[in-house]
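Structure first, commentary second.
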Amino acid sequence: MIYQTLNGTWLINEKGSEAYVEGKVPGSVLSALLMQHRLQDPFYGLNEYSAKEIFRSDFYFTREFEVMPELMSQERIYLCCKGIDTLAKIYINEMPIGRTENMHRTYYFNITGYLRPVGNRITIEIDSPLEYIENIRPGLNKSVHFTPNGCIEGNQRLRKSHSMLGWSHAAQLPDCGIWRSIDLVGCSYIKLDEIEIIQHHEKKSVTLEINVNAEMFVNEPFIIQAELISPEGRISAITETMIDGHCTMSMEVESPKIWWPNGFGEHPLYTVSVYALDMNGNQWDSKTYRIGLRTISISRETDEWGSEFCLKVNGVKIFAMGADYVPEDSIYSFITKEKIDYLLKACVRSNFNMIRVWGGGYYPSDTFYDLCDEYGIIVWQDLMFADNIYELNEEFRKNIESEIIDNIKRIRSHASLGLICGNSGIESDWVYDENFGDHSGTLKDDYRSIFEELIPDIMEKYAPSVFYWPSTPSSGGNFSNPANEDYGDSHYWGVWKNGEPIDNYYDHKMRFCSEYGCLSYPSIKTVKSYTKESDRNLFSEVMESHVKEENAGGRIMQYISREFLYPKDFESLLYITQIVQGLAVKKAVEHMRRNRGRCMGSLFWQLNDSWPVASCSSIDYYGRFKALQYMAKGFYASVAGSIYREGNTVSVYVQNETRDIEIRRVRVSLQTFEFRLLHEVEYEVEIKPFEAVKVCEMNYTPFIEGLENRVFMEAVFIDEDGNVVSTETEVFVPYKRLMLDLSSISYSVIELVDEYVIRMMSGGFAAFVELDLKQADAIFSDNFFHLTSKREKAVRLKKSDIRYLQYGAPEIQNGYELEQQLVIRSLKDTF
């Protein structure tokens, strides 16, 4: 197989215009215009709306190229388009060679005979997505009037990332272009298809069943060789003769190194390579995969509560901990390996073991799954259908069938792939949303045909060992009470979207909560990137344009009013919204983990943003951690403590999500804000693997009468070596009622070889202490914590975790310069 990339510089022009702009491929109209300074930042102010209108036009992407001699000599030459967005006609040397209609598919066009050694020209004409969705007509009795919140009407008619056409968290920027690689591929005699690798696990060995399919251009046998390289570099190989385009091979792995998710063990990877050789030993094609040896399934066992929904890895039922992932950028060619790696490393920092790829975005690149394999993050993969009504006709059926087969074959061998889910939200929408339910029965039948017939058949044929779930949330399909919390997975939006109190999480014991959350605003640095000073009011037009949820500003103010005083300024308001969000999700997760066994998973909405916006994300568009992402490190820890308060009665718990017995000393104290000790008791507790235990229950009424707004309770968790591993704190009245003193926080900075240590002390209780830098950005070892004693608190900052996102930000050279940039505030500073 010979490859020649067509990536690089292309010429882009609007149809009917002679004016060209140079653009890089992979790339798009927006990326080219921005890189050539021909367009104002679409994220700034209200520029989104004028940028959207660009896509009422059609565009041409053109380049000239020569063909490598070794490629020209191949028996067949294909044009491989890994991502064209979306409706395109392709011409080579003025001759039409094919069309595309789905940005999620990989297209191969046989262009043998269309090329010459020099002087070739390729033109890709991309039609307007807006004109298409506005002018297409529905079939008989299949009219759709529902549109998701924040989305452009008709988005479901086009196999394009739905959120490119807007969503509750996304901008309406329906960009178009060549967003993934485009290559010439030459082959002779034989062309291998994607290899299927099925694992059969025994007690002390794993057998790999390797299914090889190929397109053979000659009526001759070929030798298929499979090679396995262990994590230590040991090589073993087997061969088989292929006659009719298919063969199956088996390789046994003795003493296998087993792949475990993050927090449960190592993530060793084996390399499997398959080579196609002629009878003289000449190689004509090859495929290479990295795999992890493991079993993953979803347990649906019945129990006293109903039917569980539980990840089972290598025979062990684990509690899933993570978040929902959306595209990292509104301009997809700006999604780089570095951005993906940064996000997934952030997940590891915060003790995630799972991530859900949301169905309104895109199928991530191979890089995403490779990194999830390396970092031990299990992937819940939605197919790209979300909160929409789809009209099924023969053309649409063929289109989505090819899309799903392409992507299932691409990702099925990854160690990290945990399950495939048919769609996000659609089954429950049909049952509970009156704006859905009043559509025709024919469209409802189309839903069944797609998600409960077509896709299961594809899964059975192409990935029979991967668990398939028809929708999220669901109780198993067929519109059978998908919101039933005793069966399947759940989405819970009573808190936030319905305005319910945060403590209402305690009223629900879901088997697996795959979507819930609370909105917050990004930091002032991020807000400044899309506003001018006069815009910095929660209800200004620009601020409201950068939060797509209806009445989000009013709702967040309602949540603030329940627990906090009105902030003194805009920047303080942004900070408080992040505290509200962090506390909401923290309470939810701790409640779920205390009910381990009944509840077996938490995936909060959402991990990241595709543009600078107010949303439910824990990491904003620029990679800045919100309070929630820092808090997740604690509440998703493998061994985590938590506190549950009801009135003046407080219970302390420990959850152990490891395969080992854990011992903890738990010191429970009651103190005044001046750190005067009122009560203290210490316990030692043994926590068995995969167990949640109640350490104690204390009624503090006799100790706090008349002091309720001037005391706090603390639980300190200490390991067997005497190290304080975590601290949990609780107060007895809303934070707005606390009599907090404006105690000054003193601090100093020590520079070590590869990190700084920030040492802090306070004369009184300081709540939600935030560290930030004036110009640079950083990820601290801890943040948004409480100072609860006169003892020193040390926070570490690795030098490699300092980033310079703002233009002109001076590089920090030493501890003194860090100290000059450091900004520290606590709750008391905000009112």
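For this structure, a couple of remarks:
- Of all residues assigned to segment 736-747, at least one qualifies as being out of contact with any Ser or Thr (no Cβ under 7 Å at 6 or more places or on another chain), farther than 25 Å from residue 586 by Cα and part of a strand (DSSP E or B).
- Residues satisfying the stated conditions in segment 494-508, i.e. crowded, with 16+ Cβ neighbours inside 10 Å, in a loop (DSSP other than H, G, I, E, B) and not basic (Lys, Arg): 496, 508
- Test: residue in segment 255-271 that is in contact with an Asp or Glu (Cβ under 7 Å, 6 or more places away or on another chain), farther than 30 Å from residue 481 by Cβ, open to solvent by less than 30 Å² (accessible area, probe 1.4 Å) and assigned to a strand (DSSP E or B): no
- Where residue 823 falls short, out of the listed (1) open to solvent by 50 Å² or more (accessible area, probe 1.4 Å); (2) touching a residue at least 24 places away in the same chain (Cβ under 8 Å); (3) in a loop (DSSP other than H, G, I, E, B); (4) of a type outside the set (Ser, Thr, Tyr): (3)
- Of the residues making up segment 78-87, those that are within 19 Å of residue 118 (Cα to Cα) and either open to solvent by 10 Å² or more (accessible area, probe 1.4 Å) or in contact with a helix residue (DSSP H, G or I) (Cβ under 6 Å, 6 or more places away or on another chain) (or both) number 1.
Residue-by-condition table, conditions (1) surrounded by 19 or more Cβ atoms within 10 Å (Cβ to Cβ); (2) within 21 Å of residue 160 (Cα to Cα); (3) in contact with a Gly (Cβ under 8 Å, 6 or more places away or on another chain):
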{"site": "388", "(1), (2), (3)": "yes, yes, no"}
{"site": "404", "(1), (2), (3)": "yes, yes, no"}
{"site": "408", "(1), (2), (3)": "yes, yes, no"}
{"site": "418", "(1), (2), (3)": "yes, no, no"}
{"site": "464", "(1), (2), (3)": "no, no, no"}
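- All conditions but one from (1) among the basic types (Lys, Arg); (2) touching a residue at least 60 places away in the same chain (Cβ under 8 Å); (3) open to solvent by 10 Å² or more (accessible area, probe 1.4 Å) apply to residue 536; the one that does not is (2).
- Those strands (runs of 3 or more DSSP E) lying entirely in segment 658-728 with at least 3 residues open to solvent by 70 Å² or more (accessible area, probe 1.4 Å) and of a type outside the set (Ser, Thr, Tyr): 677-687, 691-699
- Scan of segment 88-105 for residues that are touching a strand residue (DSSP E or B) at 6+ places or on another chain (Cβ under 8 Å) and open to solvent by 50 Å² or more (accessible area, probe 1.4 Å), ordered by number: 91, 94, 96, 99, 101
- Every listed requirement among (1) in a loop (DSSP other than H, G, I, E, B); (2) within 25 Å of residue 363 (Cβ to Cβ); (3) out of contact with any helix residue (DSSP H, G or I) (no Cβ under 9 Å at 6 or more places or on another chain); (4) not charged (D, E, K, R) is met by residue 114 save one, (2).
- Selection of segment 589-615 for residues being over 16 Å from residue 351 (Cβ atoms) and in contact with a helix residue (DSSP H, G or I) (Cβ under 7 Å, 6 or more places away or on another chain) yields 591, 599, 608, 610, 612, 614.
- Contacts under 8 angstrom Cβ, first residue in segment 139-152 being without any contact (Cβ under 8 Å) to a residue 60 or more places away in the chain and under 13 Å from residue 429 (Cα atoms), partner in a loop (DSSP other than H, G, I, E, B) and open to solvent by less than 30 Å² (accessible area, probe 1.4 Å), 6 or more apart: 147/154
- Filtering segment 153-172 to residues that are in a loop (DSSP other than H, G, I, E, B) and either closer than 22 Å to residue 613 by Cβ or in contact (Cβ under 8 Å) with a residue 24 or more places away in the chain (or both) leaves 153, 158, 160, 161, 168, 169.
- Counting only helices (runs of 4 or more DSSP H) that sit wholly inside segment 426-471, those with at least 3 residues that are at pLDDT 95 or above are 426-432, 441-449, 455-462.
Every residue, every condition in (1) under 12 Å from residue 274 (Cα atoms); (2) not in a strand (DSSP E or B); (3) not basic (Lys, Arg), yes or no:
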position: 207; (1), (2), (3): no, no, yes
position: 212; (1), (2), (3): yes, no, yes
position: 219; (1), (2), (3): no, yes, yes
position: 226; (1), (2), (3): yes, no, yes
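Results for (1) under 22 Å from the mean Cα position of the chain (by Cα); (2) closer than 26 Å to residue 378 by Cβ; (3) not β-branched (Val, Ile, Thr), shown as yes or no for each residue.
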| position | (1), (2), (3) |
| --- | --- |
| 528 | no, no, yes |
| 542 | no, no, no |
| 549 | yes, no, yes |
| 555 | no, no, yes |
| 562 | no, no, yes |
| 595 | no, yes, yes |
| 606 | yes, yes, yes |
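The values are calculated or read from the model by the stated rules, or taken from the named source; none is laboratory data. Remember, predicted model here, so these are calculated numbers, not experimental data. A quick note on method: Cβ atoms are made from the backbone with ideal geometry, for glycine too, and the neighbour counts reach across all protein chains shown. Please note that ligands, DNA and RNA were not included when accessible areas were found on the heavy atoms of the full protein model with its side chains. Shrake-Rupley method; radii C 1.70, N 1.55, O 1.52, S 1.80 Å.
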